[in-house]
Amino acid sequence: MVHRVVALVGPTQEMYPVTCASAVFGYHGPDIPHHYEFQLCTERPGPVPTTMGVDIAVPNGLEALDNADTVLIAGWCPGPGLSTALGSAVLAAHARGARIVGIVGGVYVPAALGLLDGRRAAVHWECTEDLAWRYPCVNADGSVLYIDHGDVATAGASATALDLCLNQVRREHGAALAMRIGRQLAAAPPREGRQRQGPAPASVGAVPESLAPLLEWVNANLDRPLTLRDMAARSGMSPRTLNRHFLEQLGIPPGRWLLDLRIASTRALLEETDLPVETIATRVGLSSAVNLRRRFRNALATTPAAYRRAYRSSAA
């Protein structure tokens with residue numbers, strides 16, 4: 001069954017998170033399974049102003065939420081002025097099991113409707129104090145990329161939209177499909193929600209260079225027993241400097257990021273192949289089946305064999 005993702009847009013709409021969602025949930029050609037359908041809706045159908053200075057034509061009204069499986073609210077903020085009709089439509093969708101996704105200003109909608117009461121919500125660092133003041137029952141977190149509770153998910157920054165949408169694909173259809181879509185979009189290796197939204201505040205000294213080329217190189221050489229020194233040598237930095245740049249740009253040390261990538265690749269191979277654990281351990285750079293099983297259990301609280309069985313059973 002196709003999963004219907006409906007993006008609820010409104011003036012003045014920032015298009016980047018919406019187009020990210022469209023890219024993830026859209027059609028990817030005959031070689032990649034197609035599980036999603038994507039469309040736009042708005043409270044008042046017709047031209048919708050955007051931050052790009054041009055209008056977009058949105059013919060669908062709030063009735064489009066009646067059959068939505070995911071309601072994505074991205075990049076605009078009705079705040080306290082949330083209309084009764086819009087709030088009722090989102091609440092009705094949530095009540096019948098639809099997933100509500102708030103990105104940047106869109107986080108204010110589930111917060112205003114009480115869907116985040118007693119829960120953590122990823123909020124843009126500039127909005128953390130404001131959202132916490134307006135909705136004191138919400139635990140506003142301005143440090144992490146995204147937080148996914150299943151029925152409600154939030155992301156604090158526009159650039160996180162891609163990560164959160166790929167995380168939904170991973171939850172619903174496995175790490176392998178999420179990685180295939182990410183590769184087709186030429187996205188950087190997947191970022192986990194616990195990573196930080198961005199660099200620390202500016203300080204004296206040069207701005208850290210982007211880590212993207214190094215991350216791509218590591219991804220292409222994952223089978224090698226890479227160390228911090230190997231990564232530092234590749235990037236032309238000292239190990240200490242590289243560690244600092246990882247903490248500033250990603251919020252986690254390089255060893256933690258590398259292990260997350262190895263676990264994600266392990267999940268993909270368990271889902272898509274019948275390779276024995278020993279072979280997978282070699283391919284993802286974890287050296288031995290014993291080491292892989294230990295790391296996998298620590299990360300996911302299950303064994304590779306149990307994960308493979310559970311995934312294939314749910315997929316069937």
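Nothing in this text is a laboratory measurement; each read-out follows from the coordinates by a stated rule. The model shown is predicted, which means the values in this text are computed figures rather than measured ones. Note that each Cβ is placed from the backbone with ideal geometry, even for glycine, and that neighbours are counted across all protein chains shown.
Taking 25 Å as R0, compute the FRET efficiency from the Cβ-Cβ separation of Asn298 and Ser238 and round it to 0.05. Each step should come with its number before you reach the end.
Numbers: r = 29 Å, r/R0 = 1.16.
The formula returns an efficiency of 0.30 here.
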Length gain on complete extension for the stretch Glu37 to Ala305, per 0.36 nm per residue less the alpha carbon to alpha carbon distance? 93.2 nm
List Val5, Val101, Val152 from most exposed to least, where exposure is judged by having the fewest other Cβ atoms within 10 Å. Val152, Val5, Val101
Arrange Val107, Val218 by Cβ neighbour counts within 10 Å, fewest through most, would you? Val218, Val107
Estimated FRET transfer efficiency when R0 is 25 angstrom, pair Trp133-Arg171 (beta carbons, to 0.05): 0.20
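May I ask you to compute the full-extension gain from Thr19 to Ala289, defined as 0.36 nm times their residue separation minus their alpha-carbon distance, rounded to one decimal in nm? Display every interim value, and only then the final one.
Numbers: separation 270, 0.36 × 270 = 97.20 nm, distance 4.06 nm.
Extending this stretch completely gives an extra 93.1 nm.
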With 10 angstrom as the radius, rank Cys127, Cys41 by how many other C-beta atoms surround their C-beta, starting from the fewest. Cys127, Cys41
Other-chain or far-sequence residues with amide H under 5 Å of Ala74's (modelled H): Leu8, Ile103
The extension gain from Ala95 to Glu216, computed as 0.36 nm times the residue separation minus the Cα-Cα distance, is 39.4 nm
Can you list the residues, at least 5 places off or on another chain, whose amide H is less than 5 Å from the amide H of Arg4, using H built in the peptide plane? Glu37, Asp69, Thr70
Can you tell me the dipole magnitude for the chain around its Cα centre, using point charges on the Cβ only (Lys, Arg +1; Asp, Glu -1), in Debye to the nearest 20? 1340 debye
Explain nothing, just compute: Karplus ³J(HN,Hα) = 6.51 cos²θ - 1.76 cosθ + 1.60, θ = phi - 60°, for every residue of the stretch 227-233 in order, whole Hz, x for Gly and Pro. 10, 4, 5, 4, 5, 5, 5
Calculating P(r) over Cα pairs in 20 Å bins from 0, in percent from this structure picks out, from [x] 30, 56, 14; [y] 34, 53, 10, 3, 0; [z] 33, 58, 9, 0, entry [x]
Among Trp217, His34, Gly285, which residue has its Cα furthest toward the positive end of the charge dipole of the chain, with +1 on Lys/Arg Cβ and -1 on Asp/Glu Cβ? Gly285
How far is helix 239-249 tilted, in degrees, relative to the longest principal axis of the Cα atoms in the chain, given as a value from 0 to 90 rounded to the nearest 10? 10 degrees
